[in-house]
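No lab work stands behind these numbers, since they all come straight from the coordinates. No experiment lies behind these values; they were computed from the predicted model shown. Neighbour counts run over all protein chains shown; Cβ positions are idealised from the backbone, glycine included.
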Amino acid sequence: MLDTVSTDRVSTPSALANAGILAAPLFTVVAVVQAATRDGYDITRHPVSMLALGDLGWVQTTSFVVVGLLSVAAAAGTGAAKATRALHAAIGVGLLIAAVFRMDASDGFPLGTPEGRLTTMSGHMIVHNAGASVSFFSMIALCFVLAAGFRRTGQVGWAVSGRFAGVLFALGLAWAMTGGTGGALTLFLGVAIAWNWIAAATLRQRRQA
């Protein structure tokens, strides 16, 4: 009986942490498939969040919910420092907010929407952007936090790649937020690179532990 209880206590957090590692690749694959198949969608003009609009919008909304819950699970399951757990949780909460509050239709998407960028935003889009920003800035911070941990243990390659992923995402996010050409694409690439690096780094830490 004691052995069973001990195993459960160890395996449950471990399973939660492993589930959290799946969030980034799942989000990336779902977004890429939709970007390639949704009529009227242009990833250089339309943020991934706009995929939550239209008849098939439930696919992206579901993706936000699932990866958000997986990220919160990672926070609950990892044995890492408090800062790391808090950032995982913030990523998940931000995505869950983004799932509930959608962006406004604009710039020709979904099909039938007038061309041109929005001049004003609805309340739900403002909240969506706030939730997304929480996730984005938490991802960037987590890249640097994990990179610092690798530096302390002498894993230079992981430390350098983590800083690079964080800086790359920060630059892509800044470009998108200032209305740069192709900003939706730089934003997505930043998320994909940084978040998947976080997943790989978390997996490496778990294997070492």
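Can you give me the angle between helix 156-177 and the longest principal axis of the chain, using Cα atoms only, in degrees from 0 to 90, rounded to the nearest 10?
That works out to roughly 20 degrees.
Could you check which residue among T120, T44, T181 shows the biggest mean-square fluctuation in a GNM of the chain with a 10 Å Cα cutoff?
Of T120, T44, T181, the most mobile in the Gaussian network model is T120.
State, in angstrom, two size descriptors of the chain derived from its alpha carbons: Rg to one decimal place and Dmax to the nearest whole number.
18.1, 65
Which angle between 0 and 90 degrees, to the nearest 10, do you get for helix 57-77 versus the longest principal axis of the chain when only C-alpha atoms count?
That works out to roughly 20 degrees.
Compute the acute angle (0 to 90°) between the alpha-carbon long axis of helix 183-208 and the principal axis of greatest extent of the alpha-carbon atoms of the chain; round to the nearest 10°.
Long axis of 183-208 versus the principal axis of the chain: about 10 degrees.
Specify, per residue and in Å³, the volume enclosed by the convex hull of the alpha carbon atoms belonging to segment 111-198.
Considering the Cα atoms of segment 111-198, their hull volume per residue is 98 Å³.
Taking amide H positions as placed 1.01 Å from N in the peptide plane, with prolines and chain starts having none, which residues 5 or more places from H46, or on another chain, fall under 5 Å of its amide H?
Residues meeting the criterion, in which the H sits 1.01 Å from N, do not exist here.
Can you list the residues, at least 5 places off or on another chain, whose amide H is less than 5 Å from the amide H of M121, using H built in the peptide plane?
none
If you build a Gaussian network model of the chain, linking Cα atoms that sit under 10 Å apart, which residue out of I140, I193, I91 swings the most?
I193
With θ set to phi - 60° and the Karplus curve 6.51 cos²θ - 1.76 cosθ + 1.60, what are the ³J(HN,Hα) couplings of segment 94-110 in order, to the nearest whole Hz, using x for Gly and Pro?
x, 5, 5, 5, 4, 6, 7, 10, 8, 6, 7, 5, 6, 6, x, 9, x
For a protection proxy built on the mean count of beta-carbon atoms within 10 angstrom, sort 23-30, 45-52 highest first, please.
45-52, 23-30
Per residue of segment 27-36, in order, report the coupling 6.51 cos²θ - 1.76 cosθ + 1.60 (Karplus, θ = phi - 60°) as ³J(HN,Hα) in whole Hz, putting x for Gly and Pro.
In residue order, the calculated couplings are 4, 5, 5, 4, 5, 5, 4, 5, 4, 7 Hz.
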